[in-house]
Amino acid sequence: MANAKLLPVLLSFLILPFSALALTQDFCVADLSRGDTPAGYPCKAHVGAGDFYYHGLAAAGNTTNLIKAAVTPAFVGQFPGVNGLGISAARLDIAVGGVVPLHTHPAASELLFVTQGTILAGFISSSSNTVYTKTLYKGDVMVFPQGLLHYQYNGGTSPAVALVAFGGPNPGLQITDFALFANKLPSTVVEKVTFLDDAQVKKLKSVLGGTG
């Protein structure tokens with residue numbers, strides 16, 4: 001019984017240092033020269049207004065590529081001011097016929113805001129493989145929960161643009177097609193885990209630059 005009464009007191013002492021840190025440290029601009037850690041980048045010693053500003057999303061991304069899409073990031077590596085704040089951003093440009101293939105962000109949820117054109121988007125739940133899809137127009141917003149497979153593609157006749165917010169300074173990215181077909185994973189293994197035949201696997205590896 002005595003131990004039970006002491007538990008709230010012990011928890012208070014454990015929480016106190018973190019509470020104090022949150023109250024006394026307004027921000028921690030990343031010192032990119034010192035390398036990332038599981039807790040984020042170390043804090044930069046001297047900061048200025050420029051550390052909290054980033055102009056990199058103003059210009060359209062280059063969509064002359066295989067997927068006809070471009071993601072311009074404002075993650076901690078490009079925008080050190082978001083370090084430790086639990087947020088980051090990006091710009092998404094999708095040309096007519098372009099697509100952002102099935103992918104995940106293992107470290108953050110995503111909020112997509114369409115500023116131009118039409119984007120068809122969706123995600124797949126992990127528990128039941130339920131698919132949630134929506135056609136998005138200018139001014140629409142859609143959320144993609146952390147770690148779930150999702151996609152976007154241009155569903156219109158003109159270029160599409162969206163601004164994206166993430167619930168983490170470095171959300172991470174893994175594109176399913178690239179993970180399977182753009183590396184040295186042996187074709188025999190890919191065939192077993194995807195139920196595709198050898199010709200299909202070799203074709204996709206050829207398109208995406210994979211070997212084996």
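The values are calculated or read from the model by the stated rules, or taken from the named source; none is laboratory data. No experiment lies behind these values; they were computed from the predicted model shown. Note: ideal-geometry Cβ built from the backbone for every residue, glycine included; neighbour counts use all protein chains shown. The protein model used for the area step is the full one, side chains on, heavy atoms only, and it has no ligands, DNA or RNA in it. Shrake-Rupley method; radii C 1.70, N 1.55, O 1.52, S 1.80 Å.
Among K134, K184, K44, K205, the order of accessible area from largest down is K184, K134, K44, K205, computed with a 1.4 Å probe on protein heavy atoms. Rounded to the nearest Hz, the phi-derived 3J(HN,Hα) couplings of segment 95-105 under the Karplus curve 6.51 cos²θ - 1.76 cosθ + 1.60 (θ = phi - 60°) are 6, 4, x, x, 8, 9, x, 3, 7, 9, 10, where x marks glycine and proline. Taking all protein chains as shown and a probe of 1.4 angstrom, I124 keeps an accessible surface of around 40 Å². Computed from the Cβ-Cβ distance with R0 of 35 Å, the FRET efficiency linking V141 to C43 stands at 0.60. Rolling a 1.4 Å probe across the protein heavy atoms gives segment 85-194 an accessible surface of 48 Å² per residue.
For segment 143-159, putting each phi into the Karplus relation 6.51 cos²θ - 1.76 cosθ + 1.60 with θ = phi - 60° gives couplings of 10, 10, x, 3, x, 8, 4, 8, 8, 9, 8, 6, x, x, 10, 9, x Hz, in residue order, rounded to whole numbers and with x for Gly and Pro. Under the membrane-span-like helix rule (DSSP H runs whose alpha carbons stretch at least 20 Å along the helix axis, mean Kyte-Doolittle hydropathy 1.0 or higher), the chain yields 2-24. Do any of K68/K134; K68/K202; K68/K203; K134/K205 go past 25 Å between their Cα atoms, and which? Beyond 25 Å: K134/K205. Which aspartates and glutamates have a Cα lying under 15 Å from the Cα of K138, excluding residues fewer than 8 positions away in the same chain? Once the sequence-local aspartates and glutamates are set aside, what remains near K138 is D93. Mean residue ellipticity, 222 nm, helices only, the chain: the sum of -39500 (n - 2.57) across DSSP H runs of n ≥ 4, divided by residue count and rounded to 500, is -7000 deg cm²/dmol. Protein-only accessible surface at a 1.4 angstrom probe places the residues C43, C28 in the order C43, C28, largest first.
Size of segment 109-208 from its Cα atoms: along the principal axes, largest to smallest, the extents are 45, 32, 27 Å.
Structural descriptor for the chain: relative contact order 18 percent, calculated from alpha carbon pairs under 8 angstrom and at least 6 residues apart.
Out of every Cα-Cα pair that segment 62-166 contains, those further apart than 18 angstrom amount to 47 percent. For the chain, would you read off the P(r) tail past 32 Å as a percentage of all alpha carbon pairs? Summing the P(r) of the chain above 32 Å gives 35 percent of all pairs.
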